[in-house]
Amino acid sequence: FFAIMTPTGVEQEAGFYPRLNAAGVGDGRYNGMIVSVVGKQISNDGQILVLEDGAGAHIKVTSPSADQNTSYIEIVGACGDGEVQHFVTRQLGDEFDMDTYNQMIELQNGKYQELFYQDGFAK
């Protein structure tokens, strides 16, 4: 694999990042890593964006881009201190099954994590 150094100084496999829900963002295991979070956009004041994950928990995103024209978005950014610093936004539309997505996140970071992660890196 080809590793990169994240802006926070953590070595991470290039092009791959953990997909997290609010629990994963808040547990500290991924601090300093580039991660992906998906959720329903609850609010965006230009400085803080709040997403609701599939379990109904909130994810705080700092330095977001302008308000999105879609209800569901993916944010890729640096995880730290229970929040995500925004790097990239992807619009996912106004209909997205957050329950199914959250179930996938739980399996990916739990029972079946060996299918997704190798030596601490996302596959």
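The values are calculated or read from the model by the stated rules, or taken from the named source; none is laboratory data. In this text, all values refer to a predicted model and were calculated from it rather than measured experimentally. Every residue, glycine as well, gets a Cβ built from its backbone with ideal geometry; the counts of neighbours run over all protein chains shown. Remember, those area values only see protein heavy atoms, side chains included, never the ligands or the DNA or RNA. Shrake-Rupley method; radii C 1.70, N 1.55, O 1.52, S 1.80 Å.
Computed values, structure above
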| item | result |
| --- | --- |
| Angle in degrees between helix 98-108 and the longest Cα principal axis of the chain, rounded to the nearest 10 | 10 degrees |
| Loop sites in the stretch 1-104: chymotrypsin sites (Phe, Trp or Tyr not before Pro), DSSP, at most 12 other Cβ within 10 Å | PHE1, PHE2 |
| Dimensions in Å of the chain - Rg and Dmax from alpha carbons | 13.7, 39 |
| Long-range amide H partners of PHE87 with built H, under 5 Å | VAL76, GLY77, ALA78 |
| Estimated vicinal HN-Hα couplings, Hz - the stretch 37-47 in sequence order (Karplus 6.51, -1.76, 1.60; Gly, Pro = x) | 10, 10, x, 8, 5, 9, 7, 7, 9, x, 10 |
| Cleavage-rule hits (trypsin sites (Lys or Arg not before Pro)) in the stretch 7-86: DSSP loop, at most 13 neighbouring Cβ within 10 angstrom | ARG29 |
| Rounded, prolate or oblate (a/c below 1.5 giving rounded, otherwise prolate when a/b exceeds b/c) for the stretch 1-60 by Cα gyration tensor | prolate |
| In order through the stretch 76-88: 3J(HN,Hα) via Karplus (6.51 cos²θ - 1.76 cosθ + 1.60), integer Hz, x for Gly, Pro | 10, x, 8, 8, x, 6, x, 9, 10, 8, 4, 10, 9 |
| Probe 1.4 Å, protein heavy atoms only - accessible area per residue of the stretch 6-123 in square angstrom | 52 Å² |
| Beta bridges by DSSP in the chain, antiparallel share as percent, to the nearest 5 | 85 percent |
| Protein accessible area in the chain, 1.4 Å probe - carbon and sulfur % | 49 percent |
| FRET efficiency, 1/(1 + (r/R0)^6) with R0 25 Å, evaluated for THR62 and GLN91 via beta carbons | 0.80 |
